[in-house]
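All remarks here apply to the structure that follows.
The values are calculated or read from the model by the stated rules, or taken from the named source; none is laboratory data. Keep in mind that what you see is a predicted model, and the values were worked out from it rather than measured. Please note: Cβ atoms are built from the backbone with ideal geometry, for glycine as well, and neighbour counts cover all protein chains shown. Side chains included, ligands, DNA and RNA excluded: accessible areas come from the protein's heavy atoms. Shrake-Rupley method; radii C 1.70, N 1.55, O 1.52, S 1.80 Å.
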Amino acid sequence: LSLLYEAAMSCDADIVHGKAEIIHDENLPENRRLSVLKKIELIHEGVLEGEDITDDFLCNGGHSFFLCGKLFRSEALKSAYALLPNFYCTTGEDFLLYYFICMNAKRYVGINEKVYRYDIDTGITSETLISSLDRWKRVCSVASAFTVLYSVFKESPPEDRHRAAVQKVCISYLANNIKQLRACVVPELYDQAYSMLCEYWGSSFVKRVESMLADYKGSPVDR
């Protein structure tokens, strides 16, 4: 916290971002460990200002949208919450909230210091067997983040490049839901889980992304 605070004060930043390290990764497949590590270490070293902050994380992949490892000026955070309604979501909320924080942030600074420990062995997105519809509902709830985001877009349309980038992230989340359905949901719950997936995301959108997965033999976007 002291490293983040010192950077915030010295640069007058609304967002300060440091690196994270993984813990409890002993039994994790190496490809997943490296994938997560790449994301949590993804920072933009130095200063970004204004719209460049959103462009960097959303369009350029220059830094991650994870909230962990970041310190925010309270005014930027409060302004973001003021734009959002109450909603149920247990994953994807980082992307949603960070998008709106960036809309209200004037300056970002990234520091090449490890400031957070990320426990990879817990959480709803960990690759564990899903044997209850309640747990699967929590996985599917990521769709709610994009429902909120697109409802806000109706009142405040974003730049075309930002809308296109959000759509790619939206597709990637649904693609991951589909892959998690196939790999983790127990067979006796599969049909009910698939129906729930369609309820959250919309049947036509699910079928569209399933077709994309078949064409690409993997997720069309890996973020």
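Binned at 10 Å from 0, what are the whole-percent values of the Cα-Cα distance distribution for the chain, short to long?
With a bin width of 10 Å, the distribution comes to 7, 30, 36, 21, 5, 0.
Give the long-range amide H neighbours of Ile130: residues separated by 5 or more places, or on another chain, with amide H under 5 Å away, using H modelled in the peptide plane at 1.01 Å from N.
For Ile130, whose amide H was placed from the backbone, the distant partners under 5 Å are Val185, Val186.
Given the rule -39500 (n - 2.57) for each run of at least 4 DSSP H residues, summed and divided by the residues of the chain, what is its mean residue ellipticity at 222 nm, to the nearest 500 deg cm²/dmol?
Result for the chain, helices only: -16500 deg cm²/dmol.
Fully extended, how many nm does the chain gain between Ser35 and Cys11 (0.36 nm per residue separation, minus their Cα-Cα distance)? Provide the component values of the computation, followed by the final result.
Numbers: separation 24, 0.36 × 24 = 8.64 nm, distance 3.06 nm.
Full extension of this stretch gives 5.6 nm more.
Over region 10-128, average the accessible area per residue using a 1.4 Å probe and give it in Å², no decimals. List each step's numbers first, then the result.
Numbers: 6140 Å² over 119 residues.
On a per-residue basis, 52 Å².
Compute the angle between helix 142-155 and the longest alpha-carbon principal axis of the chain, please, reported from 0 to 90 degrees and rounded to the nearest 10.
60 degrees
Quick check: pseudo-label points 7 Å beyond the Cα along Cα→Cβ at Leu28 and Cys198, how many nm apart are they?
Here the answer is 3.5 nm between the modelled labels.
If you roll a 1.4 angstrom probe over the protein chains with everything in place, what fraction of the accessible area of region 1-88 belongs to carbon and sulfur, to the nearest %?
Carbon and sulfur: 53 percent of the exposed surface of region 1-88.
Using DSSP to define loop residues, name the chymotrypsin sites (Phe, Trp or Tyr not before Pro) in region 80-120 whose beta-carbon has at most 15 other beta-carbon atoms within 10 Å.
Of the chymotrypsin sites (Phe, Trp or Tyr not before Pro), the ones in loops of region 80-120 whose Cβ has at most 15 other Cβ atoms within 10 Å are Phe87, Tyr88.
Nearest 10 degrees, 0 to 90: what angle lies between the long axis of helix 160-184 and the longest principal axis of the chain (Cα atoms)?
Once rounded, one gets 50 degrees.
May I ask for the angle, rounded to the nearest 10°, between helix 93-104 and the longest principal axis of the chain, with both axes built from Cα atoms and the value confined to 0 to 90°?
Roughly 30 degrees between the two axes.
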